Amino acid sequence: MTAPTATRKAKIPSRSTKVTTKKQKPECTQCGLCCICTQDQDRFCDVTEKDEKRLGAALTKRYVIHTSLFEACCMRDDGLRFPDGALATRWRTMSRGPFRGWSMCTCVFLEGTVRARVRCRVYDRRPDVCRKAMVPGERACINLRALYARGLLDAEENVE
Ligand code: SF4
Ligand code: SF4
């Protein structure tokens, strides 16, 4: 995620911006935070063979990146676990919402504007990890949303 250029200042929420509490179940269609990358990366969430079957051959061929033998060897040497495959990513500039003007690396299937209006293009066929890793309103979700809310406030202080 990169900060906006000087000519296009992001609209930052005020300090009174409320962070969702446990009692309020957040709307994923107005969020999308767990579908964006925290850095520049070419692949995002793990995809298994079962996920590929559900996605279908055409989408798998186009959007799933498989780990090459060379990558697998390097990762193993570094003690890292490597997935069979992962979804591709893409960079997009947010057109509205609190991240307006920011460039973000997101899952290739995320459409719309983060923290405003988003949609998963393959929602019914999304990988298992998307179904299990983050449940709206549970602790990981609340923590992630709070983390980004704090990040936005920090950004506000830096551009003042
Ligand atoms: S699970 Fe939580 S963090 Fe992910 S999109 Fe939904 S509300 Fe946002
Ligand atoms: S497949 Fe859908 S739910 Fe999973 S990371 Fe991509 S946009 Fe999010």
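Is it the case, given these coordinates, that Cys28 is modelled with pLDDT of 90 or more, farther than 14 Å from Ala149 by Cα and either buried (at least 16 other Cβ atoms within 10 Å of the Cβ) or β-branched (Val, Ile, Thr) (or both)? In short, yes. Filter the stretch 125-145 down to the residues that are within 10 Å of ligand 1 (Cβ to nearest atom) and over 15 Å from Asp51 (Cβ atoms) and list them by number. Matches in the stretch 125-145: Met134, Val135, Pro136, Gly137, Glu138, Ala140, Cys141, Ile142, Asn143, Leu144, Arg145.
Has the stretch 21-39 got at least one residue that is of a type in the set (A, V, I, L, M) and within 19 Å of Asp124 (Cβ to Cβ)? So far as the stretch 21-39 goes, no, none of its residues is of a type in the set (A, V, I, L, M) and within 19 Å of Asp124 (Cβ to Cβ). In the stretch 81-92, the qualifying residues are those that are out of contact with any Lys or Arg (no Cβ under 8 Å at 6 or more places or on another chain) and modelled with pLDDT of 95 or more, and the one that is surrounded by the most Cβ atoms within 10 Å (Cβ to Cβ) is Arg90.
The residue that is nearest to ligand 2 (Cβ to nearest atom), counting only those in the stretch 142-151 that are under 13 Å from Gly32 (Cα atoms) and in contact with a Ser or Thr (Cβ under 8 Å, 6 or more places away or on another chain), is Arg145.
Regarding the stretch 136-156, can at least one residue be identified that is touching a Leu at 6+ places or on another chain (Cβ under 7 Å) and in a strand (DSSP E or B)? Scanning the stretch 136-156 turns up no residue that is touching a Leu at 6+ places or on another chain (Cβ under 7 Å) and in a strand (DSSP E or B). Each residue in the stretch 104-124 was checked for being surrounded by 16 or more Cβ atoms within 10 Å (Cβ to Cβ) and more than 14 Å from ligand 1 (Cβ to nearest atom), and 3 of them qualify.
The values are calculated or read from the model by the stated rules, or taken from the named source; none is laboratory data. Since the structure is predicted, the reported quantities are computational estimates derived from the model, not experimental observations. Cβ atoms come from the backbone with ideal geometry, glycine included; neighbour counts cover every protein chain shown.
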